[in-house]
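A short write-up of the structure that comes next.
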C-alpha cells in the first residue's frame, strides 16, 4: 500500500469486522450540501491480489444518522487498478454534512471474484419463476 501525506491505513475496528474502515485523506473539512455528491480522496493506492476485488461500502452509522452514503454502493476496485482510491459520498439528508480530516467514511471488503464466460443463445431454459421480476415471488 502506498500512502499520501494525509492518509490513514485502513483497519478492522473489531475482531469480527468484515470491512476495513476507510478514512478521509483531506487537509481541511469538506461540506457536502443536501443532494450533493463529493469525491473524497482516501490517500492510498494498493495492489489487490489477482482474482480479488475490493468492495467499498457505506458505513451504517453515517447512512442512518445523517443520510450520507455511497451512490454506487458497493463500489468496486479492480485488482489491476493502481491509482489513489477515492470514493463518492452523497448527502441524502436535509442538512449539510461535514467531512473532517481523518473521519471514517466508508468500509472496504476484499473478496474473490468469479469470472464467467458469456454465451449468446436463442432461448433460455424454463424455470418456475420465468420472467417474473420485481416483487413476483411474493412478500
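Where a number appears in this text, it was derived from the coordinates with a stated rule and is not lab data. Please read these numbers as outputs of a predicted model, since none were measured by experiment. Cβ atoms come from the backbone with ideal geometry, glycine included; neighbour counts cover every protein chain shown.
Brief remarks follow.
- Translational diffusion of the chain, estimated by Stokes-Einstein from the Kirkwood radius over alpha carbon pairs at 20 °C in a medium of 1.002 mPa s, is 124 µm² per second.
- Once the Cβ-Cβ distance of residue 9 and residue 84 is raised to the sixth power relative to R0 = 22 Å, the FRET efficiency obtained is 0.95.
- Along its principal axes, region 74-139 has C-alpha extents of 54, 36, 18 angstrom, given from the largest down.
- Protection proxy ranking of 123-130, 70-77, 48-55, by the mean of other Cβ atoms within 10 Å over each peptide's residues and highest first, is 70-77, 48-55, 123-130.
- Rough spin-label spacing in nm, given labels placed 7 Å along Cα→Cβ, for residue 45 and residue 114: 3.3
- Taking the number of Cβ atoms within 10 Å of each Cβ as an exposure proxy, the fewest-first ranking of 115, 104, 65 is 115, 65, 104.
- Across the chain, the mean sequence separation of Cα contacts (distance under 8 Å, 6 or more residues apart), normalised by length, yields a relative contact order of 31 percent.
- In nm, spacing of pseudo-spin labels at residue 127 and residue 52 (7 Å Cα→C-beta vector): 3.0
- Comparing mean-square fluctuations of 114, 28, 94 from a GNM of the chain with C-alpha springs under 10 Å, the top value falls on 114.
- R0 of 22 Å, Cβ-Cβ distance residue 64-residue 98: FRET efficiency to nearest 0.05: 0.80
- Calculated mean residue ellipticity at 222 nm for the chain: -1500 deg cm²/dmol, from DSSP H runs with n ≥ 4 weighted as -39500 (n - 2.57), summed, divided by the residue count and rounded to 500.
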